Amino acid sequence: MNKQFRAHPSFSSTRTPSSSGTVVSHSSPPMASALILSLVLIILCSSYRGIAHTDAAAGHKGPKFVMVPTTSFQSSEDSCSTSSGTTAPHSSRVSVPLAHRHGPCAPVPAKEEMTLAERLGRDRARTMSMTRRLSKSTRLQNNYDAITVPTQLGSSYNTQEYVVTVGIGTPAVPQTLLLDTGSDLTWVQCKPCNSTNCYPQRLPIFDPSRSSSYATIPCDSQECRDLAAGLDGNGCTSNWDCAYQVVYGSKANTSGVYSRDALTVAPGAVIEDFRFGCGHNQEGPFDEYDGILGLGRLPESLAWQTSPDPERRGVFSHCLPPTGGTTGFLSLGPPENTSGFAFTPLLTMDDQPWAYQLMLTGISVGGEPLDIPAAVFREGMITDSGTIVTALQDTAYAALRAAFRRAMAAYPLAPPTAQLDTCYNLTGYEEVTVPTVSLTFRGGATVELDAESGLMLDGCLAFWNTDGDEYTGVIGNVNQRTIEVLYDLPGARVGFRTGAC
């Protein structure tokens, strides 16, 4: 059920320059405000008539605009608030709160507050690495920067934005992990691990010797053979335990023993014999979080370990919160009712089976489809919770940027932020009117992005290009905010439910 936004006719504010050049805001009575707002929309529509159309399904004519407060484009909050919408409304599923790592709702405050430019720099590096190894042209030429041993287990560390707290062992030891649909293996730091081999973390490091349910996975097991596919050597420790290693694109790496133990997701919800990496040696630019919660497509992922019932495995969903001052949710298991979701087929690449690949077929701005040749989307898109900004093929991004700028012509442009090149100076504006942006996928699933939180980042359009139409695109986490994204691996489909958190 897509949200329909309306400009409220009972209030408005206008900005007029005073004699000194200062912008002054005037409040208007309801009738006058309605007239002012109508004039504003008429002016905007006139400048935007190139994409005006009739939305037959909704019964509305002309472009679709949304009036939003400018505070929704800002990323800083001082307090955390939760609501009844932060858990999935399906009683048979297990849900855990999900928070932004840099917001006040994070269970463990971030060690350092990176600037937006720093975060975007790391995000761009992750995007470039992923799109190169996913794209057919570069896979055939083998000229991309490899993500090593094994390639499917990790993409980049310290770019993930969302965290959950779970318990490992018996008794359960709390661990705050970074959520990543681009990684398969879950891992935490484990004792013994000195200050040279492990990085500082806020919560106690997991000590497997104190867990009554901990066990290592034998080197000659099928589970170890599955994990070690692509590894050099036999993947065994000196004790003949199964060894693991993940090397990320940032050259950070973790290695240790492939293990099993109880994973407590929520009170009374325990996954027995959960397989994970017990990390004894970590190197690189790690933060103070305790590890990674892998939600990729391969057997090592939490997605395939959620239930002893095979029919309930391989299904999970997440809803990323609209701001750092609120929480979303991660839910495990299939929902009882999927009538509120719009589904698109989940595609699989033979040599990159870990990726959640979808086929984007169109983009609409203000309710009007953009004129983008179908061939532009031939490399597809992947959904990734660990990437911030959505990367579109160059032709698609150019069309989106041009249409968005036309619709936002009433507002002054600002200098780019990192590689975000469509930014606005909204100083002095309490509200702005933005066009809706919708993504349409194979099968007709159309998802309208949340205008307040899922479209812009600190006043900038949260999209950039892939540096070529030949590269696979990435749907970043900003565009996914407030949308419940349902991954149904047995059904080979991905669903979207808007306004879920």
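The values are calculated or read from the model by the stated rules, or taken from the named source; none is laboratory data. Source: prediction; values computed, not measured. Heads up, the Cβs are rebuilt from the backbone with ideal geometry, glycines too, and the neighbour counts pull from every protein chain shown. Accessible surface areas use protein heavy atoms only, side chains included; no ligands, DNA or RNA. Shrake-Rupley method; radii C 1.70, N 1.55, O 1.52, S 1.80 Å.
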- Note on the structure: Of (1) surrounded by fewer than 23 Cβ atoms within 10 Å (Cβ to Cβ); (2) within 22 Å of Ile382 (Cβ to Cβ), His318 satisfies every one except (1)
- Quick count over region 321-352, residues being surrounded by fewer than 21 Cβ atoms within 10 Å (Cβ to Cβ), among the polar types (S, T, N, Q) and either under 24 Å from Val163 (Cβ atoms) or modelled with pLDDT of 90 or more (or both), is 3
- Evaluate region 271-292: report whether one residue or more is within 17 Å of the chain's Cα centre (by Cα) and in contact (Cβ under 8 Å) with a residue 24 or more places away in the chain. yes
- The lone condition Thr196 fails out of (1) surrounded by fewer than 22 Cβ atoms within 10 Å (Cβ to Cβ); (2) farther than 23 Å from Ser211 by Cβ; (3) touching a residue at least 40 places away in the same chain (Cβ under 8 Å) is (3)
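Mind counting the residues in region 245-271 that are open to solvent by 10 Å² or more (accessible area, probe 1.4 Å) and either out of contact with any strand residue (DSSP E or B) (no Cβ under 6 Å at 6 or more places or on another chain) or among the hydroxyl-bearing types (Ser, Thr, Tyr) (or both)?
Number satisfying all stated conditions: 7.
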- Criterion (touching a residue at least 12 places away in the same chain (Cβ under 8 Å) and touching a helix residue (DSSP H, G or I) at 6+ places or on another chain (Cβ under 8 Å)) met by exactly one of Thr264, Thr254, Thr323: Thr323
- In region 436-481, the residues that are more than 16 Å from Gly366 (Cβ to Cβ), of a type in the set (Asp, Glu) and within 18 Å of the chain's Cα centre (by Cα): Glu452, Asp458
- Selection from region 379-426 of residues without any contact (Cβ under 8 Å) to a residue 12 or more places away in the chain and outside any helix (DSSP H, G or I) yields Pro415
- Within region 425-472, which residues are among the β-branched types (Val, Ile, Thr) and open to solvent by 40 Å² or more (accessible area, probe 1.4 Å)? Thr427, Thr446
- Item | Test: Gly277 is farther than 14 Å from Tyr487 by Cβ and either part of a loop (DSSP other than H, G, I, E, B) or open to solvent by 20 Å² or more (accessible area, probe 1.4 Å) (or both) | no
- Yes/no for Asp371 being without any contact (Cβ under 8 Å) to a residue 60 or more places away in the chain, closer than 30 Å to Leu227 by Cβ and surrounded by fewer than 16 Cβ atoms within 10 Å (Cβ to Cβ): no
- Message: Considering only residues that are open to solvent by 10 Å² or more (accessible area, probe 1.4 Å) and out of contact with any helix residue (DSSP H, G or I) (no Cβ under 6 Å at 6 or more places or on another chain), which ones fall in region 398-414?
- Response: Ala398, Ala399, Arg401, Ala402, Arg405, Arg406, Ala410, Tyr411, Pro412, Leu413, Ala414
- Task: Can you give me the number of residues within region 451-478 that are aromatic (Phe, Trp, Tyr) and part of a loop (DSSP other than H, G, I, E, B)?
- Result: 1
- Message: Condition (residue is at pLDDT below 75, surrounded by fewer than 20 Cβ atoms within 10 Å (Cβ to Cβ), closer than 26 Å to Ala243 by Cβ and of a type in the set (Val, Ile, Thr)) applied to region 150-169: is it met by at least one residue?
- Response: yes
- Any residue at all in region 430-447 that is modelled with pLDDT under 95, assigned to a loop (DSSP other than H, G, I, E, B) and either of a type outside the set (D, E, K, R) or at negative phi (or both)? yes
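Got a sec? Which of Leu347, Leu330, Leu360 is without any contact (Cβ under 8 Å) to a residue 60 or more places away in the chain and in contact with a Leu (Cβ under 7 Å, 6 or more places away or on another chain)?
None of the other options fit; the residue is Leu347.
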